[in-house]
Amino acid sequence: MLAERGIDADDGADFALDRRVPVVLGGSPDAPSNLGLLHWAGRQGERRKARAAVMLKRCVCEGKLSLAEAQAAIVGDWSVVYSGFSQASCDISRLDVATGAESRRGAERGTSP
């Protein structure tokens, strides 16, 4: 996978095998369409994505989000979920995870994000 993406094998330790939809949210562990590479660290890194997946899983298990909502959030701009998602709340309605922008729904309702 490193070679396919033009990444030198010596830099391989900087990357993690990414599952587009993490296994904890029902993603396939080995389907090629669910696999990719992400840098391990940094704002868009696999370490943060894994934390976002755990937060979403907790919300699904508590019945505060549907599995489909959690999957859509992690497949969209998951970094928005990571930065705008509270440990104490499962409210992703104010986040537009598809684009990374604040949701217009809140603005239309007159609520602040």
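No value in this document is a laboratory result; all are computed from the given coordinates. Predicted, not measured: the structure shown is a model, and the values here were computed from it. Cβ coordinates were reconstructed from backbone atoms using ideal geometry, including for glycine residues, and neighbour counts include every protein chain displayed.
Quick query: amide H of LEU35 versus all other amide H atoms, modeled in the peptide plane; which residues come in under 5 Å with a sequence gap of 5 or more or a different chain?
ARG20
What's the extension gain from ALA68 to SER28 if we count 0.36 nm per residue and subtract their Cα-Cα distance?
On the way: separation 40, 0.36 × 40 = 14.40 nm, distance 1.46 nm.
This chain segment gains 12.9 nm when fully extended.
For TRP40, enumerate residues with amide H under 5 Å from its amide H, sequence gap 5+ or separate chain, H modeled in the peptide plane.
It is PHE15, ALA16, GLU46, by chain and number.
Starting with the fewest neighbours, write out ASP8, ASP91 ranked by other beta-carbon atoms found within 10 Å of each beta-carbon.
On the way: ASP8 9, ASP91 13.
Taking fewest neighbouring Cβ atoms as first place, the list is ASP8, ASP91.
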